[in-house]
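The values are calculated or read from the model by the stated rules, or taken from the named source; none is laboratory data. As the structure is a prediction and not an experimental result, all values here were calculated from the model. Because the Cβ atoms are built from the backbone with ideal geometry, glycine has one as well, and the counts that use them run over all protein chains shown. Surface accessibility is based on the protein's heavy atoms, side chains included, excluding ligands, DNA and RNA. Shrake-Rupley method; radii C 1.70, N 1.55, O 1.52, S 1.80 Å.
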Amino acid sequence: MTVSRSEYCVVACAEAWRENGEVLAATMAPVSSFGARLAKRTFSPDLLLTDGEAMLVDLDGATEGWLPYRRHLAMVTGGKRHVMMGASQIDRFGNQNISCIGDWERPARQLLGVRGAPVNTLNNPVSYWVPRHSARVFVERVDMVSGVGYDNAAAAGPSAARYHRIPRVVSNLGVFDFATPDRSMRLASLHPGVTVEQVQQATGFALTIPADVPCTREPTAAELRLIREVIDPKGTREREVPA
């Protein structure tokens with residue numbers, strides 16, 4: 001059975017929550033949301049899902065409980081949430097920008113603003129999902145730090161960043177992590193059909209590239225059925241990640 005690029009991306013996102021236990025899984029886009037739901041249905045059943053506002057929901061979106069703002073903040077600041085955010089820019093150390101493009105005093109483009117990114121990244125694990133990998137997104141240095149990367153977290157000190165962790169970055173080309181001595185970005189796996197040269201050409205800085213880069217894990221038959229028939233029967237994933 002042919003597996004689409006988007007389905008590899010769903011599985012790669014799901015793997016971010018493997019062995020996380022009972023934490024709040026927060027997502028910002030369809031493919032990352034499908035990944036969280038796949039993880040909960042398979043290898044991470046203790047994940048907590050929300051409606052994006054104030055309710056805990058089950059796998060079908062039905063309300064399971066109330067999550068008041070004060071409780072949500074307690075989970076965020078106590079390392080009990082793993083959010084998968086997007087990034088307008090991300091650099092070699094995992095600093096993320098969703099605020100502006102260009103000098104912040106006179107930006108060429110105004111974006112969302114820092115939102116909760118500094119608190120998210122310093123206080124709980126944060127992964128990233130980037131549906132269109134390019135050198136405009138993967139940059140040498142972000143124009144403004146919204147989400148805190150490993151270099152800035154180290155500068156903040158251990159007490160300020162005790163829960164800081166960036167488990168993975170998933171793009172439409174591959175999976176990346178920071179398992180390097182200086183905590184710079186490493187190519188961890190390639191989606192089928194993608195070459196190392198393509199990834200490096202689409203990245204605005206030199207990645208750490210192992211001698212042997214594996215392929216991203218293929219979904220099992222059971223996972224593929226869940227993705228296609230239960231989690232995303234309308235095929236929204238294919239619009240976010242075209243073949």
query: Among the listed residues Phe205, Phe176, Phe138, which satisfies the condition of being modelled with pLDDT of 95 or more, surrounded by 19 or more Cβ atoms within 10 Å (Cβ to Cβ) and farther than 25 Å from Asn20 by Cα?
result: Phe138
message: I need the full set of residues from region 120-135 which are open to solvent by 10 Å² or more (accessible area, probe 1.4 Å) and out of contact with any Ser or Thr (no Cβ under 7 Å at 6 or more places or on another chain), in order please.
response: Asn120, Leu122, Pro125, Pro131, Arg132, Ser134
- request: Taking Gly65 as meeting all but one of (1) in a loop (DSSP other than H, G, I, E, B); (2) modelled with pLDDT of 85 or more; (3) more than 19 Å from the chain's Cα centre (by Cα), write down the number of the exception.
  value: (1)
message: Could you check region 21-45 and list, in sequence order, the residues that are open to solvent by less than 50 Å² (accessible area, probe 1.4 Å) and without any contact (Cβ under 8 Å) to a residue 24 or more places away in the chain?
response: Ser33, Lys40
message: Tell me yes or no: at least one residue of region 92-99 is under 15 Å from Arg136 (Cβ atoms) and open to solvent by less than 10 Å² (accessible area, probe 1.4 Å).
response: yes
- request: State whether one or more residues within region 119-133 are within 18 Å of Ile209 (Cα to Cα) and touching a strand residue (DSSP E or B) at 6+ places or on another chain (Cβ under 8 Å).
  value: yes
- prompt: If you check Val83, Val76, which single one turns out to be closer than 26 Å to Val114 by Cβ, among the hydrophobic types (A, V, I, L, M, F, W, C) and either open to solvent by 30 Å² or more (accessible area, probe 1.4 Å) or part of a helix (DSSP H, G or I) (or both)?
  reply: Val76
field: Qualifying position, being exposed (fewer than 15 other Cβ atoms within 10 Å of the Cβ), among the polar types (S, T, N, Q) and within 30 Å of Lys80 (Cβ to Cβ), among Thr220, Thr216, Thr195
entry: Thr220
